[in-house]
Structure formats: C-alpha cells, structure tokens
Amino acid sequence: MDGETFRHWAHEAATFAADYRETLRDQPVRARTRPGEIAAQLPESPPEEAEPMAALFEDFRRIIVPGMTHWQHPRFFAYFPANASPASVIAEMLSSAMGAQCLLWQTSPAATELEGVALDWLRQAVGLPADFTGVIQDSASSATLCAFLTMRERALGFTGNATGLSGRERLRVYASAEVHTSIDRAAWVSGIGHDNLIRVPTTGPLRGMDLAGLEAAIAADLAAGHRPAGLVLCIGGTGTGAIDTAPELIRIAHRHGLFVHVDAAWAGTAMICPEFRDLWAGVEAADSIVLNPHKWLGVQFDCSAHYLRSVDDHLRTLSIQPEYLKTHGHDDITNYSEWTVQLGRRFRALKLWFVLRAHGLNGLREMMRNHVRWSQALAARIAAEPGFALASTPVLSLFTFRHDPGDGRDLDAHMLAILTAINDGGDLYLTPTRIDGHLAIRFQAGAMETTEGDVDAAFQIIRDTARALS
C-alpha cells in the first residue's frame with residue numbers, strides 16, 4: 001500500500017469512526033446474530049491473492065459491524081463500561097501508526113517517560129500517597145497475577161522462581177467470594193492453586209470481608225502447618241459492588257506478614273471524586289492496588305494502572321535482564337518490561353495522557369457524579385415499584401434488583417425471562433448476577449454518552465417488561 005492509498009483508507013476509517021459514534025444511539029445495544037452466523041459468511045480458506053481494500057471495507061460493514069455488541073452505546077448498562085472517548089481513540093490511532101514496541105526505554109524513550117508522568121498524574125488524582133509507583137498493565141487480570149507472584153515470592157523468601165513449589169508447605173491466600181474470577185485464575189497460574197485460595201465470609205450491607213473470619217482462617221492455616229502469603233481485597237466487586245473494609249483487614253494481614261493486593265478495577269477510577277474516597281479509606285497501607293482507566297475513566301481498552309508500594313519486591317519477582325535487554329551506560333532508567341509478565345509493550349500511556357488533558361479532571365468528575373446520581377435515583381424508583389426490591393446496597397453507579405409477582409413461581413426463571421426480554425428488545429443491555437444463590441439483575445451506568453434520559457428510559461423498560469411477564 002503506497003502513501004496515497006494509505007491516506008485515502010485512513011480517512012475512510014476515520015469517517016467510519018465518526019459516523020459510527022454519531023449514529024450509535026439508533027442501533028440495538030446487543031448484537032442480534034445467532035452463533036455461527038458470522039463465520040458462515042466468511043471463506044473457509046485465506047485468499048491466495050491480494051484483495052482490494054474496497055472489498056475489505058464492504059465486508060467489514062456488511063458482515064462484521066452487524067455482529068458487534070456496541071459497548072459505547074449510551075444504554076449499555078451491562079458488565080462495567082469499556083469506554084473509548086474520542087480523544088482516546090485518536091491517541092490509539094497515533095500509537096498504531098507508529099507501531100512502536102515500548103519494552104525498553106531505549107526502544108521508545110517518550111513512551112517510557114510519559115508512562116511515569118501519566119501514572120503519577122492519575123495517582124494524584126485518586127488521592128494515593130507519593131510512595132506508590134505505577135506501571136500500566138494490559139488488564140487487571142495481569143496486575144493481579146503479578147501481585148500473586150510477588151506474594152508467593154515474598155512468602156518463600158524469593159526462592160520460588162529458582163526452585164519451584166514442589167515439596168514446600170502450602171501457601172494460602174485469602175479473599176471473599178465477591179472477588180472477580182481473575183483472582184481464581186491468578187491462584188491457578190501462579191502455582192498457588194485454587195484449593196489454597198481461602199474464601200472468607202462476608203458481612204454487612206456492603207458484603208465486605210468479615211474481620212473475625214479472616215483472623216480465624218489465618219489461625220487455622222497456621223495450626224495446620226500452612227503458610228499464609230497474601231490477602232486480596234475488593235473495592236467495588238463485580239457482582240454487587242462489594243466493598244471490603246480496608247484499614248482493619250490490612251492491619252490483620254500485615255500483622256501476619258501477608259502481602260495485600262486491592263482489586264479496585266472498576267471503582268478505583270471514581271476516586272478522582274474526593275467524596276467517594278471513603279469507600280476505599282485505608283488502601284494506602286496496601287502493597288498493591290489496581291484500577292482500570294479503560295473502564296469508567298474513558299481510556300480505550302486496554303490500559304490498567306497498577307500501583308505498588310514496594311517496587312523492589314515486585315522487580316525482584318519479575319525482573320530478568322538478558323544481555324540483549326540491557327541499556328548500557330544508563331543505570332538510572334526505567335524499563336517497564338521488567339515490571340510485567342509480558343515483554344512486549346504497547347504505547348498505552350499516550351491515550352491516558354490524551355484523556356486526562358482533553359477532559360480534565362473536572363470533566364471526568366462531572367461524568368462520574370452524574371452516573372452515580374442517576375443510577376441511585378433509578379434504584380430508588382425501582383425499589384418503590386410494587387413487586388420490585390433491591391437485592392444489594394447500591395454502590396456508586398451499580399445496583400441489583402429482583403422482581404416477585406407474588407404468585408409463587410420460580411423467581412430465578414422469572415428474573416431470567418425479564419432479562420432475556422429486555423436484552424432481546426435491543427433498547428438496553430443488562431447482565432445477571434447471583435446473590436446468596438439467587439438470580440438478580442445488575443444495572444450499572446458508566447457509558448460516557450449516557451444521559452439522564454437514557455436512565456429514565458431504562459426505568460420504563462424494566463418496569464413494563466416485568467409487568468408484561470407477571
């Protein structure tokens with residue numbers, strides 16, 4: 001592809017992107033395709049000869065776009081947001097155009113130094129103290145895996161990487177049932193094992209980890225000859241927005257020498273609003289904290305901010321420096337590939353920098369405050385409707401609810417029928433969760449284009465669907 005052809009199709013791509021965002025509200029939120037429908041429209045074998053870009057664009061519009069669920073849709077109230085603000089999209093275009101590998105300072109000096117600056121800006125914005133240092137991971141799953149590897153190595157005196165885990169006492173990590181499944185996977189991949197991830201009971205309206213339960217679990221493991229290694233706290237759990245009470249739990253953990261990792265992937269970015277920081281009060285005593293700018297903050301996926309109180313322990317666990325990865329003559333530089341499991345690194349800091357500058361903290365705060373206000377008003381309206389009840393205490397812009405028509409029917413089946421009808425209608429997208437074994441529906445406002453009118457429409461659709469199925 002020559003320069004002029006590239007320019008033409010780059011313009012076409014930019015035009016598509018702008019048109020897509022302008023017309024998104026008119027599209028159904030969730031894809032309406034059946035399993036296998038997209039693949040059936042594609043050839044079974046790759047082309048032997050080059051095809052014209054016009055044909056590629058036509059197939060993209062005809063086959064691919066109709067098979068996409070629209071995560072930027074203003075009525076996407078499922079999961080958590082994966083916002084991609086226009087400023088972030090533009091930064092991603094620029095990064096893609098350069099195609100840089102940002103594994104070392106010398107391979108991309110600006111990428112390395114901008115990452116340090118942008119993450120320090122974000123640290124200040126969420127109110128973390130200056131003794132935390134950040135690195136951009138691809139996702140919270142990777143940050144959590146790094147935390148598990150570090151807690152494993154600290155518990156083993158930094159000998160696990162060399163000699164493995166065979167023949168050693170069991171390492172134990174503590175978490176509640178409210179944590180994300182990435183915690184389970186980190187236990188698997190780190191070699192600690194699922195059976196050594198100990199579930200501590202929860203208590204209270206925010207479904208936080210029980211202090212006495214943690215103490216009892218640690219005491220039982222010590223008595224059994226196991227070695228407590230780490231504690232994982234959640235600030236804004238996926239199912240209900242669960243909040244672990246950080247100060248007391250961290251004190252217990254550190255008294256026993258445990259490494260503490262805080263998963264604040266969704267809720268952490270909301271801490272740019274000072275009035276929400278009581279939800280994570282005390283996290284400054286943790287060893288590791290992850291929050292995702294690629295959720296609520298508007299930075300295009302993937303961009304996960306991982307903050308560390310002791311960089312030395314982290315690097316002692318992950319750093320490896322073969323000769324071809326050394327930057328000779330510069331001993332004081334940062335090579336972020338030593339901070340992550342993956343060696344190759346994209347220029348993710350550029351889009352974080354663009355978003356923080358293009359919106360400003362005040363613009364981002366206004367968006368989040370609106371989402372919280374609208375969502376909690378919706379929760380109150382739903383709770384006041386006959387047959388409806390909140391299934392958990394609202395946290396920020398997340399709440400869960402159930403509906404009981406009062407005729408003795410299977411309520412799990414009824415909730416699933418309501419959810420299916422809403423999602424098949426195309427005007428909203430919601431997701432389910434289980435709370436104490438029973439099905440509930442989650443609502444979470446977080447899309448950057450969402451308006452108060454969209455949330456009002458959600459009330460009408462939820463209420464009318466439940467009535468129609470009762």
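The values are calculated or read from the model by the stated rules, or taken from the named source; none is laboratory data. What you see is a predicted model; the values in this text were computed from it and never measured. Methodologically, a virtual Cβ is constructed for each residue, glycine included, from the backbone with ideal geometry; neighbour enumeration extends over all protein chains shown. The area values use the complete protein model at the heavy-atom level, side chains included, leaving out ligands, DNA and RNA. Shrake-Rupley method; radii C 1.70, N 1.55, O 1.52, S 1.80 Å.
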Which option, (i) -0.48, -1.08, -1.24; (ii) -0.54, -1.16, -1.30; (iii) -0.55, -1.04, -1.15, is the value of log10 I(q)/I(0) by the Debye sum over Cα atoms at q = 0.08, 0.12, 0.13 Å⁻¹ that was calculated from these coordinates? (ii)
At least 15 Å along the helix axis (C-alpha) and Kyte average at least -1.0, DSSP helices within the chain: 3-23, 86-98, 109-126, 140-155, 211-223, 349-384, 411-425, 452-468
Under the rule of -39500 (n - 2.57) per DSSP H run of 4 or more residues, summed and divided by the residues of the chain, what mean residue ellipticity at 222 nm is obtained, to the nearest 500 deg cm²/dmol? -13000 deg cm²/dmol
Can you say what percent of the DSSP beta bridges in the stretch 138-230, counting only those with both residues inside, are antiparallel? Round to 5. 20
If I take all pairs of Cα atoms in the stretch 1-56, what percentage of them are more than 13 Å from each other? 76
Quick note, the stretch 100-150: a/c under 1.5 would make it rounded; otherwise a/b > b/c is prolate and the rest oblate (a ≥ b ≥ c, C-alpha gyration tensor); here it is oblate
Send over a whole-number figure in Å² for the accessible area per residue of the stretch 51-182, probe 1.4 Å. 42
Cα-derived Rg over Rh, computed across the stretch 110-217 with Rh taken as Kirkwood radius: 1.04
Relative contact order computed over the stretch 251-312 (Cα-Cα under 8 Å; 6+ residues apart), in percent: 32
Sequence-separation-based contact order of the stretch 49-180, relative, with Cα cut under 8 Å and 6+ spacing, percent: 8
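Return the carbon/sulfur percentage of the accessible area of the stretch 385-470, one whole number, probe 1.4 Å, all protein chains in place.
The computed percentage sits at 50.
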Tell me the net charge near Arg170. Cut-off is 11 Å between Cβ atoms, Arg170 excluded, with +1 for each Lys or Arg and -1 for each Asp or Glu. 0
Using DSSP to define loop residues, name the GluC sites (Glu not before Pro) in the stretch 152-204 whose beta-carbon has at most 13 other beta-carbon atoms within 10 Å. Glu169
If N is the residue count of the stretch 59-119, its Cα Rg over 2.2 N^0.38 Å rounds to 1.55
Report the Cα centroid-to-centroid distance between the stretch 207-274 and the stretch 339-392 in angstrom, as an integer. 23
Can you tell me the relative contact order of the stretch 111-176? Whole percent, Cα pairs under 8 Å, sequence separation 6 or more. 19
What Kirkwood Rh does the stretch 264-394 have if only Cα atoms enter the pairwise 1/r average? Answer in Å. 18.0
Within the chain, the percent of DSSP beta bridges that are antiparallel, given to the nearest 5, stands at 60
Overall Cα dimensions of the stretch 186-309 - principal axes, largest extent first, Å: 47, 31, 27
So for the stretch 392-444, considering every pair of alpha-carbon atoms, how many percent are separated by more than 18 Å? 33
Count the net charge of all other residues whose Cβ sits under 15 Å from the Cβ of Pro86, scoring Lys and Arg as +1 and Asp and Glu as -1. -1
Please report, in Å, the Rg and the Dmax of the stretch 50-92, where both are computed over Cα atoms only. 14.1, 41
Taking θ as phi - 60°, what are the ³J(HN,Hα) couplings along the stretch 164-176 by the Karplus curve (6.51, -1.76, 1.60), each to the nearest whole Hz, with x for Gly and Pro? x, 9, 4, x, 9, 5, 5, 8, 10, 10, 10, 7, 8
Accessible-area ranking of Thr181, Thr107, largest first, probe 1.4 Å: Thr181, Thr107
Compute log10 of I(q)/I(0) for the stretch 328-457 with the Debye formula, placing one identical point scatterer on every Cα and leaving out solvent, at q = 0.10, 0.15, 0.19, 0.22 Å⁻¹, to two decimals. -0.52, -0.84, -1.08, -1.28
From the gyration tensor of the Cα coordinates in the stretch 1-104, what semi-axes in whole Å does the equivalent ellipsoid have, largest first, with each one equal to sqrt(5λ)? 25, 22, 15
